[in-house]
Each structure stands twice: as C-alpha cells, then as structure tokens.
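Right, one structure below, let's go through it.
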Amino acid sequence: MILRILAIVAAIAAGALFFMGKGKLAEKQAALQKAEQATQAVQAELAAANERITTLEGNLGNEREALADEKRKLESVRSEMYTARQEVSRTQQQLSEAKKSISDLESTAKRLRADLLRAEQELASASKEAVIAQLNERIAELEKSNATLKESLEDARDRALTRAAGASAASGSMTAGGAYSSNFTPTTSQPLPKANIGPKTTIQTVSPENGIIVLANSAELGLTPGAKIRLIKDLQAIGSIQVVQIKDDLVVANILPGSKTRAMTAGSTVSLLR
C-alpha cells in the first residue's frame, strides 16, 4: 500500500515535473523564438548598417578623390599665383623702367624744345637783321633813284617852262609881224628814269595761320622752288617768302618769320625783290 502510494506520488510528481518541464520548454521555445526574431532584426539592422557603411565608404572615397582634386587644383592655383606674382613683379619693374625712360624722354624733349625755340629765335633774329640790312641797302638805292627822279622832274619842268616861254614869244611875233618866226627849235623830251624794284604779281590767297601764301605766276617772274624773295608793297617791304612749289599759273610759298602778314591781302599787287 505504501508502495502504491509512493508510486502514485512519484507518478504525480513525475507528471508535475513533466508539465512543469513542458511549460518551461514552451517558455524556452518562446524565448528562443523571440531571441531568433531579435537576432533576425539585429541581422537586418546589421545588414542595413553594413550597407550604410559601404555607402559611407563609397562617399568617403568620392570625398577623398574630390579632396585630392581640390588639392591638385589648389596647388595649380598656387603655382599660377606664384607665376602671376613673378609676372606682376617683372611688369612693375618694366613699368618703373618705362616711367624712368619716359621721364628721361620728357626731359630730353623739353631740352630739345628749348634748344629749338632758342635756335628759331636766333634764326629769326639773324633773318630779321639780314632782311633789315638788305632793306636798308634797297632803301638807299631807292632814295638815290628818287633823287635822280626828282632831278629828272626838275629838268623836265624847266624844259617845259622853256618851251612854254618860246611858244609865247612865237605867238607874240606872229601877232606883231603877221608872220611866224622860226627861231624856236623844239627839243625832244627824254623819258624819265623809272625806279624798277622788280616784277610785279598779285597775291591770290594768304593763310597766316599756316604760313602759306599763293601768288600769281608769270614768265617774267622767273621763280624756282627754294628761291627766297622779299615782297614790296607801296615801296615798303612787307615780308620775305620762300618758294615751295610752282603750279602752272600759281606760286606756292612759305611766309618767313618777321613778315607783316596783315599787309599781305588777297588781290593786292606786290613787287618781288631778290
């Protein structure tokens, strides 16, 4: 009886243990399933993380390549900047040398202008002195010619008075005696000497601003390019010119310094004095 009771108790205990083990096993299986699900979720997350890591590694590689390209570009820019700085430095040096050369040229130009102005003044002064001396000589000649002309006029007037007196006496003789007396011998009048300065011509155009004068040309003028001539108007020297070109019936000349351009008017007649 005791054995049966013990067997029943053992069976009950075994059943209880069985049911308890089965429940624990179910719990273990549920826990295992949960663990497997968690493992699968973790594996999925790990796979996603691996993919993100791969993507990040690719992006990192691209960024590294871009950074390398930027570094190369930066090095190239630095090299270009260095070359540009050298070019700027060389250009500044050349500019400084050019400024110095320009300053030297300006100084030389100023000195040459001063020398040219002084030479022109000396030339104008020498030309004026020479022209004045020649004009004085010509004035002396004209005064002599004028004196000779006055003497000729005096002689002509005396001869005219003599002829008038003779004619009056002859008229008186004819009135008194009724006949003409042939004692009066007429004298042939002699031509008066003329003061000849030179051939005459007419001023066609004159440009004082440009220093150019144009005269009417003729065969009696006998002008050639390069000839220097003095212009006489109303027995007064009004200036000197130098022939530049001869065109058919025109003479183109330069007005020399010291000339009275106001007296040179278009249409006026002038005489040429060599």
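The values are calculated or read from the model by the stated rules, or taken from the named source; none is laboratory data. On a predicted model such as this, the values are computed, not experimentally measured, just so you know. Note that each Cβ is placed from the backbone with ideal geometry, even for glycine, and that neighbours are counted across all protein chains shown.
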How many residues does region 237-249 contain that are surrounded by 16 or more Cβ atoms within 10 Å (Cβ to Cβ) and more than 24 Å from Glu141 (Cα to Cα)?
2
Picking from Tyr82, Tyr180, which residue would you name as being modelled with pLDDT under 65, among the aromatic types (Phe, Trp, Tyr) and over 23 Å from Arg274 (Cα atoms)?
Tyr180
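Conditions tested, residue by residue: (1) among the polar types (S, T, N, Q); (2) more than 36 Å from the chain's Cα centre (by Cα); (3) surrounded by 14 or more Cβ atoms within 10 Å (Cβ to Cβ).
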position: Glu209; (1), (2), (3): no, no, no
position: Ile212; (1), (2), (3): no, no, yes
position: Leu221; (1), (2), (3): no, yes, yes
position: Leu231; (1), (2), (3): no, yes, yes
position: Leu235; (1), (2), (3): no, yes, no
position: Val251; (1), (2), (3): no, no, yes
position: Asn254; (1), (2), (3): yes, no, yes
position: Thr269; (1), (2), (3): yes, yes, no
position: Leu273; (1), (2), (3): no, yes, yes
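Residue-by-condition table, conditions (1) over 13 Å from Ile203 (Cα atoms); (2) aliphatic (A, V, I, L, M); (3) in contact (Cβ under 8 Å) with a residue 24 or more places away in the chain; (4) not in a strand (DSSP E or B):
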site	(1), (2), (3), (4)
Val214	no, yes, yes, no
Glu220	yes, no, no, yes
Ala237	yes, yes, yes, no
Ile241	no, yes, yes, no
Val270	no, yes, yes, no
